[in-house]
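These notes concern the structure reproduced below.
Every number here is computed from the coordinates shown, using simple stated rules; none is lab data. Quick caveat: nothing in here was measured; it's all calculated off a predicted structure. Here the Cβ positions follow ideal geometry from the backbone for every residue, glycine too, while neighbour counts run over all protein chains shown.
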Amino acid sequence: MSLRHGMKWAWMGMVVGLWGCAQVGSPDGGARDTSPPQVLAAEPDFGARQVEPTLLRLVFDEFVQLQDARRQILVSPPLPEPPRARARGREVLVELEGPLASDRTYVIQFGNAIRDLREANVADGLTHVFATGMQLDSGRVSGGVFDAWTGAPSQGARVLLYRDSLPSAVINLALPDSIRPMPEYVGLVNDSGQFDIGYLPKGQFALVAVDDVNGNYRADAGEAMAWSAQTWSSSGTGDSTVVPRLEMDMPPLEAATYLSGMRVDSSGYWRAKWVGWNDLAAGPDGWLPEEMELALVGPDTALRPHLVGDSLWAEWPMDALESWAGGQETWRFVHPFGEDTLRGVELEARRPPNRAGSSEREVLPMIGFAQRLAPVAEVLDTALCSGSMVVGEDTVELDLTRLFLEGPELRMVPLSAGAKCVLDLYPGALSRGTLVNADTLRFTWRTFEDNDTGSLLLAVDSSEYSGMSQPLWVLTDGNGEPLYVRRPDAEGRWSGLVPGRYGLVVLDDVDGNGRWTGVDPVAGRLPEPVIRLVETVEVRAGWELELTGDRRPRP
C-alpha cells in the first residue's frame, strides 16, 4: 500500500472520498469493520525527493495501534540504529535514527505492525518511499522464502541484500557483529512467504534470508537462515527479478551438554544422564543415537557407553573400578562435541536387575515386546518364567524360546497377531553376578491383528524425481516429524502402520546418510531439497492407501 506523490494536507477530505475509507467503529448491532486503516496524508510526501527527514509522520482514517514494531518496521538501506515508532491517536510517528546517506532512495516497510484500534485490522504491506537525491531508484528483486523441511512460509523473516557478491563473513556465525558487514538493503517476507524489495539501484545483489529475532540484520545462532551466493540483477527498469525459492533452516546448535546424576555400583554398572542430548536430537536433522561416537576413556582402556534417550550406561571393568572410584585414576567421557572429566564417586551396593520405565502396551507382532532393564541382566533363566496368550477364545502358553536378552532389554519376538499376552518372571529369572530379582515381574501387552493396522503404497513415477541424485522417501508422523526407522519394502509399501495421521516427503539424500541433512553455514552447506508429497493422510485399520494423485483407499 503506498501514498500518492504530491498528496497534500488540504486534500484530506477528497482523498477520504476517493479511497472509500470506513468510518471509525460501527453503530451498535452493525456489521463488523473489516477494513484496514488507510493513510490520508504523510510528511514527507510519498516519493518526495531531495529530503532528509528525521521524522516520518503518517495520518490514518481511524485510530491505530502498533504491534511488534521493532521487528516489523524496517528502513532500507538500514540505518545505524533501528527506527523508533509510536502510535498517537490517528497518527504513526517514526523517528529515523542516524544520518541519511546522500543520493539514496529510502524505503520504510511496516509489515504487519500497523492495525486499527477497535478490530485490529492490519494495514498489511504498507511502505513509504523518499529520496535524498534527485531521483527515485526503480530496481526490484522478488522471490519466496519458506521453511526447508515443512514448506511453510517464513513469515516475518528478513531478506538482506549485498551488492556484487556475498561476503564470506556474513554466514560465519562465529564472528562478532563488528566484523560481519551490514546489508546494503533489506526487505520483509509477508504472510504468504513472498518478498518484493523495490526502489533498488541498478546492480547485482546476493541474498540472505534470516529469522532476525534480535533485529541486528545478521544471522546468529538459533536463527533460521538461507542464502543465495549467486547474484541477481535488480534491472533498474521497474521490472522485478524473481529469485529462486530460498529454503530456511536452523543452523546446528552449539552443543551445551554435561553429565548429571552419575552413579556406579560395585558390580561396575555405571549410568548417568546426558543433559542437552534431547536438544541436539530434536528436529528432522537432529542427531541420531547411532551417529554418536561415544567413549569412556581411561589410562589403559576405553569403553563404548550405550545411549537410550538421554540416559547413558556402561559396564565398568572391575580391575579399574576401585581405582577410578577412589580417585586414583582419571577417566573421560569423549563425544563429538568435546569431552567431560569423570570424577570418582562412591560405589553403591549392587542391585539386582529390574524393569526401567514402562513398556509398550500394544506392539506389532514382527517387532515384538521389549522392556528395558536396569541394571542390565547378565543371565535369563526361562525355566523360572511362564506366560500365556489369549487368541480369540483360545488360551495357549507363550513360546519361551522366543524370550531373550538383547543389550539392556528383555525381548520377545515374533509374536502371534491379535493376542493378549501375560509374562511372569519369577524370583531368580534375571541375574547379574550373584544378585537375582527377588520379586515376580509381570508384563502384559496386546499384539495388533492384521486388520488393526493399515498400510501406505507409494504409486508414483520415479522418473519425476530424476533431477535428484539420491531420492529418499521418508514417512512422517502426524506432527511432520520423520520416521526414519520405518522404511518401505521393495514394492514401496509401508505396512503395519498404527491408525492415525501420517505424511510423506521425498528428499534428495545428497550425502547418502539415509536421512535429511539441514543447513550448515560453517561448511557452506544448504539444506538437502525436500518435496512434500503428502502433507497429511489418515491411515485406517484394515485399509491400504495408494499414494497417487487421487489418494483413494483400498480395503
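One table, with the values for the structure above:
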quantity: Cβ-based charge dipole, the chain, positive-most Cα from ALA157, THR132, PRO305; calculated: THR132
quantity: Among GLY276, PRO251, LEU288 the positive-end extreme of the charge dipole of the stretch 226-292 (Cβ point charges); calculated: GLY276
quantity: Calculated FRET value between ASN451 and VAL308, using beta carbons and R₀ = 41 Å, to 0.05; calculated: 0.80
quantity: Computed magnitude of the charge dipole of the stretch 259-342 (debye, nearest 20; Cβ of K, R +1, Cβ of D, E -1); calculated: 220 debye
quantity: Student exercise, the chain dipole from Lys, Arg, Asp, Glu Cβ charges, in Debye to nearest 20; calculated: 1320 debye
quantity: Two-site FRET efficiency, ARG332 against ALA169, from Cβ-Cβ distance with R₀ of 30 Å, rounded to 0.05; calculated: 0.30
quantity: Contour excess over end-to-end distance, with Cα ends at THR536 and VAL297 and 0.36 nm allotted per residue; calculated: 81.4 nm
quantity: Residue order, fewest to most surrounding Cβ atoms within 10 angstrom, among ASP265, ASP61; calculated: ASP265, ASP61
quantity: Distance between the stretch 109-148 and the stretch 493-539 - C-alpha centres, whole angstrom; calculated: 34 Å
quantity: THR401-GLU481 pseudo-label distance in nm [points 7 Å out on the Cα-to-Cβ vector]; calculated: 3.9 nm
quantity: Cβ charges +1 (Lys, Arg) and -1 (Asp, Glu), total dipole of the stretch 391-538, debye; calculated: 420 debye
quantity: Sorted by Cβ neighbour density within 10 Å, fewest at the top, the residues GLU43, GLU290; calculated: GLU290, GLU43
quantity: Top positive-direction residue, dipole computed over the chain with Cβ charges, set ASN354, GLY203, VAL94; calculated: VAL94
quantity: Helix-only CD estimate at 222 nm, as mean residue ellipticity for the chain, using -39500 (n - 2.57) per DSSP H run (n ≥ 4); calculated: -1000 deg cm²/dmol
quantity: Among (i) 99, 65, 54; (ii) 118, 88, 48; (iii) 74, 67, 50, the entry derived from the coordinates for Cα extents along the principal axes in Å; calculated: (i)
quantity: Normalised contact order of the chain, rounded percent, pairs of Cα under 8 Å and 6 or more residues apart; calculated: 9 percent
quantity: Stretchable slack from GLN470 to GLN67, in nm (0.36 nm times residue separation minus alpha-carbon distance); calculated: 140.6 nm
quantity: Ranked MET182, MET248, criterion: other C-beta atoms within 10 Å, fewest first; calculated: MET182, MET248
quantity: Mean-position separation - Cα centroids, the stretch 269-305 and the stretch 183-219, in angstrom; calculated: 39 Å
